[in-house]
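The values are calculated or read from the model by the stated rules, or taken from the named source; none is laboratory data. All values reported here derive from a predicted model rather than from experimental measurement. Cβ: placed from backbone, ideal geometry, glycine included. Neighbour counts: every protein chain shown.
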Amino acid sequence: MQILCIDLEGVLVPEIWIAFAEETGVEELKRTTRDEPDYEALMRYRLEILNQHGFTLSQIQEVIATLAPLPGASQFVEKVRERGELIILSDTFTQFAGPLMKQLGNPTLFCHELEVSEDGEIIDYRLRIPDHKRKAVESLQRLNFEVIAVGDSYNDLGMLQCADHQILFRPPEFLAREHPDLAVVQDHEYLLKKIESFAP
């Protein structure tokens, strides 16, 4: 039995941190896992910037509430769920994902959590487990699932490299060059066709 494990930001929805950076004008927050391979270093960097500017969780959530899935993403998710199982593996946070997941039809999401003070300051984050995307794929394989993995950034490489079938979705050119063995697609229509090509 096949199962699809897919990243969220950059594949199905806009990059939340970039949207917040554009709204606030704080360019430093545009740095994402497309730029920084070390996720924990990236999050420490983000938290420091949030603290410097006094940004709160509610301010980020206000921006998220204005976002919509990428064009074609909702229809893609609907069609994929008609043919089989789907799990979104993301390094986002439960406090961010709700409005966007609702627009996608509330598929299964594995992600992390933020630690927030009583006044709404984001003080830390809690990883579900380190390297959770790769470990989720490996666990599904031990349950005898054939895993198709889709991602777009450095933090997706672990799950891509251990999956049975791997696809990069609109990756930065340098990432595609660094991993020429990974299939690359640029839109959700072709992504669906690529996934269907793996049908047993």
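Here E82 does not qualify as more than 17 Å from C5 (Cβ to Cβ) and in a loop (DSSP other than H, G, I, E, B). Residues in segment 19-37 that are under 22 Å from H179 (Cα atoms) and at pLDDT 90 or above: R31 only.
Taking segment 39-72 as the range and being among the hydrophobic types (A, V, I, L, M, F, W, C) and not in a loop (DSSP other than H, G, I, E, B) as the test, the residues that pass are A41, L42, M43, L47, I49, L50, L57, I60, V63, I64.
Candidates S197, S117: the one that is closer than 30 Å to L57 by Cα and polar (S, T, N, Q) is S117.
Note on segment 1-38: residues that are surrounded by 19 or more Cβ atoms within 10 Å (Cβ to Cβ), in contact (Cβ under 8 Å) with a residue 60 or more places away in the chain and either aromatic (F, W, Y) or not in a loop (DSSP other than H, G, I, E, B) (or both) total 7. Taken as a whole, the structure places F93 among residues that are in contact with a strand residue (DSSP E or B) (Cβ under 6 Å, 6 or more places away or on another chain) and free of Cβ contacts under 8 Å to residues at least 60 places away in the same chain. When segment 86-121 is limited to residues that are surrounded by fewer than 20 Cβ atoms within 10 Å (Cβ to Cβ) and acidic (D, E), the one that is nearest to I195 (Cα to Cα) turns out to be E113.
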